[in-house]
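Trainee: Provided herewith is a single structure, encoded as structure tokens, for subsequent inquiry.
The values are calculated or read from the model by the stated rules, or taken from the named source; none is laboratory data. What you see is a predicted model, and the numbers here were worked out from it, not measured in a lab. Note that each Cβ is placed from the backbone with ideal geometry, even for glycine, and that neighbours are counted across all protein chains shown.
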Amino acid sequence: MEYRLGPAQQAADGREITLEVKNLKVYYSTPTGDVRAVDDVSFHVYKGEILGLVGESGCGKTTTAMAILRMVQPPGRIVSGQVLLDGVDLVKLNESQLRQVRWNTLALIPQGAMNSLNPVMRIHTQIAEAIVTHEGKQPKDKLKQRILDLLTMVGLPSRVYDMYPHELSGGMKQRVCIAMAIALHPSLIIADEPTSALDVVVQRVVGQTLLDVKKRLDVSMILIGHDMGLQAQLVDRIAVMYAGHMVEVAPVRAIFAEPLHPYTQLLIESIPSIKERKPLKLTEGLTHDLRNPPPGCIFQERCPKVMEVCRMERPQLRPIRPEHYVACYLYE
Ligand SMILES: Nc1ncnc2c1ncn2[C@@H]1O[C@H](COP(=O)(O)OP(=O)(O)O)[C@@H](O)[C@H]1O
Ligand SMILES: [Mg+2]
């Protein structure tokens, strides 16, 4: 059976919603219990926007991405929830229906993608392989032109066509990965920490490439990262995760002007500014075990504003004002 997209969802204000994640739970089973890597997470992505997904290492960003693509590997599993792409629930699709969606409408730039380019294959062969695998054989000259166009689109010179990965800088390799991701005309690209291994200047170049691609192709994007400073320059809205929970979602300007969740406040305070390098207020890693989360708010143990109610029941993510969602009792 051929997979067909349903009618696009619409938000209350009329903007089209491309992707809607509802109450998603993804657990990893371990001998000592389930790791609740993604625990009842909801958010959406508007058509044509870049949504930044941020939070420190281990908070569940990659697991969320993998669940959207239905690529969670054992011992992980989607426990419950919905992933609605243009209104169709991907969680319910079978493998053959999924295969079509995955490459034709969704594209992933995996974490560390630039280091997984095949070292003994020329760049054009790798891009061609991605295209031919999903679209079948094509006339040689047409394929070549398409690959050259893709390289141009990501700001790479045509000589890259014949090069090997080791002849390219990190930034160039990452742009090759972006070219591969857009090769099949996806409507949503998920880029998992695409700039993390790069130095600051190159990060900006790759970030700009993502912006150009988004504009040219009118795609939606989920940009995963932990660098709030870089996110601020690239994304339209930011979704903040902490220990498997979504704690705040808001337009980028609103979240920097007035971060509501105490965790978001700490994240923003710890952005190193160019003038003075502030020490990080956050320690890397989580303070409690995701196997056995405490009742109440997931951030209670690190929260400078913790109240009694925070230890009792989990706060729900709700809109405090239009488009500004937060899960925190300070605002109830
Ligand atoms: N195969 C696995 N088995 C058990 N726990 C896992 C596995 N993979 C990831 N996790 C746990 O799931 C949580 C989320 O991981 P991940 O999604 O990779 O976070 P992020 O991308 O935000 O760094 C982490 O606490 C991690 O330890
Ligand atoms: Mg990750």
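Trainee: Out of curiosity, is Tyr325 of a type in the set (Ser, Thr, Tyr), farther than 30 Å from Thr105 by Cα and at pLDDT 90 or above? Let's see the steps before the verdict.
Mentor: On the way: of a type in the set (Ser, Thr, Tyr): yes; farther than 30 Å from Thr105 by Cα: no; at pLDDT 90 or above: yes.
Here the answer is no, as Tyr325 does not meet what is asked.
Trainee: Tell me yes or no: at least one residue of region 42-50 is among the acidic types (Asp, Glu), closer than 18 Å to Gln231 by Cα and in contact with a Gly (Cβ under 8 Å, 6 or more places away or on another chain). Steps first, answer last, please.
Mentor: Residues of region 42-50 among the acidic types (Asp, Glu): 49.
Filter again for closer than 18 Å to Gln231 by Cα, leaving 49.
Within this subset, residues satisfying the condition of being in contact with a Gly (Cβ under 8 Å, 6 or more places away or on another chain) are none.
For region 42-50, residues among the acidic types (Asp, Glu), closer than 18 Å to Gln231 by Cα and in contact with a Gly (Cβ under 8 Å, 6 or more places away or on another chain): absent.
Trainee: Can you report the number of residues in region 315-327 which are farther than 14 Å from Glu258 by Cα, assigned to a loop (DSSP other than H, G, I, E, B) and in contact with a strand residue (DSSP E or B) (Cβ under 8 Å, 6 or more places away or on another chain)?
Mentor: Total satisfying the criteria: 2.
Trainee: Pick out the one residue from Ile109, Ile123 that is within 16 Å of ligand 2 (Cβ to nearest atom) and closer than 21 Å to Glu167 by Cβ.
Mentor: Working: Ile123 fails: within 16 Å of ligand 2 (Cβ to nearest atom).
Exactly one of Ile109, Ile123 is within 16 Å of ligand 2 (Cβ to nearest atom) and closer than 21 Å to Glu167 by Cβ, namely Ile109.
Trainee: Condition first: surrounded by 17 or more Cβ atoms within 10 Å (Cβ to Cβ) and over 22 Å from Glu323 (Cα atoms). Can you find one or more residues in region 241-256 that meet it?
Mentor: The answer is yes, given that some residue of region 241-256 is surrounded by 17 or more Cβ atoms within 10 Å (Cβ to Cβ) and over 22 Å from Glu323 (Cα atoms).
Trainee: Inspect region 165-175 for any residue being in a helix (DSSP H, G or I), within 16 Å of ligand 2 (Cβ to nearest atom) and surrounded by 21 or more Cβ atoms within 10 Å (Cβ to Cβ) and give the result as yes or no.
Mentor: To start, the set of residues in region 165-175 that are in a helix (DSSP H, G or I) comprises 165-167, 170-175.
Right, trim to within 16 Å of ligand 2 (Cβ to nearest atom) and you get 174.
Cutting the leftovers down to surrounded by 21 or more Cβ atoms within 10 Å (Cβ to Cβ) gives us 174.
There is at least one residue in region 165-175 that is in a helix (DSSP H, G or I), within 16 Å of ligand 2 (Cβ to nearest atom) and surrounded by 21 or more Cβ atoms within 10 Å (Cβ to Cβ).
Trainee: For region 190-218, how many residues meet the condition of being in a loop (DSSP other than H, G, I, E, B) and touching a helix residue (DSSP H, G or I) at 6+ places or on another chain (Cβ under 7 Å)? Walk me through how you get there before you give the answer.
Mentor: Of region 190-218, the ones in a loop (DSSP other than H, G, I, E, B) are 193-199, 218.
From the residues that got through so far, the ones that are touching a helix residue (DSSP H, G or I) at 6+ places or on another chain (Cβ under 7 Å) too are 194-195, 197-198.
So the count comes out to 4.
Trainee: Moving to a separate point now. Return the residue satisfying two criteria in turn: it lies in region 219-263 and is assigned to a helix (DSSP H, G or I) and farther than 19 Å from His44 by Cα, and of such residues it is farthest from ligand 1 (Cβ to nearest atom).
Mentor: Step one: of region 219-263, the residues assigned to a helix (DSSP H, G or I) are 228-234, 252-257, 262-263.
If we keep only those that are farther than 19 Å from His44 by Cα too, we end up with 228-230, 233, 256-257, 262-263.
On the way: Met228: 14, Gly229: 18, Leu230: 16, Gln233: 21, Phe256: 21, Ala257: 25, Pro262: 19, Tyr263: 14 Å.
That would be Ala257.
Trainee: Could you check region 41-114 for strands (runs of 3 or more DSSP E) lying wholly inside it with 2 or more residues that are more than 30 Å from Leu198 (Cα to Cα), at pLDDT 95 or above and out of contact with any helix residue (DSSP H, G or I) (no Cβ under 6 Å at 6 or more places or on another chain)? Before you say what the answer is, go through the steps one by one.
Mentor: Working: elements: 50-54, 76-85, 106-109.
Ranges flagged: 76-85.
Trainee: Shifting gears a bit: Can you go through Asp212, Asp199 and tell me which one is surrounded by fewer than 23 Cβ atoms within 10 Å (Cβ to Cβ) and modelled with pLDDT of 95 or more? I'd like the intermediate steps shown before the answer.
Mentor: Numbers: Asp199 fails: modelled with pLDDT of 95 or more.
Of the residues listed, the single one that is surrounded by fewer than 23 Cβ atoms within 10 Å (Cβ to Cβ) and modelled with pLDDT of 95 or more is Asp212.
Trainee: Search region 260-278 for residues that are at negative phi and pair each with any residue that is small (Gly, Ala, Ser) and modelled with pLDDT under 90 when their beta-carbon atoms are under 6 Å apart and the residues are at least 6 apart or on different chains.
Mentor: Final answer for the pair search is Ile271/Gly229.
Trainee: If you don't mind, there's one more thing I want to ask. Quick one: in region 33-73, of everything that is more than 10 Å from ligand 1 (Cβ to nearest atom) and without any contact (Cβ under 8 Å) to a residue 60 or more places away in the chain, which residue is surrounded by the most Cβ atoms within 10 Å (Cβ to Cβ)?
Mentor: His44
Trainee: Identify, please: which residue in region 277-322 is among the polar types (S, T, N, Q) and over 30 Å from Arg15 (Cα atoms) and is, among those, modelled with the lowest pLDDT? Steps first, answer last, please.
Mentor: Initially, region 277-322 is screened for residues among the polar types (S, T, N, Q), giving 283, 287, 292, 300, 316.
Now restrict to residues that are over 30 Å from Arg15 (Cα atoms): 283, 287, 292, 300.
Values: Thr283: 48, Thr287: 51, Asn292: 84, Gln300: 93.
Here the residue is Thr283.
Trainee: Residue under question is Thr152, and the condition is that it be free of Cβ contacts under 8 Å to residues at least 12 places away in the same chain, part of a helix (DSSP H, G or I) and within 25 Å of Leu223 (Cβ to Cβ); does it hold?
Mentor: Values: free of Cβ contacts under 8 Å to residues at least 12 places away in the same chain: yes; part of a helix (DSSP H, G or I): yes; within 25 Å of Leu223 (Cβ to Cβ): yes.
So Thr152 fits the description; yes.
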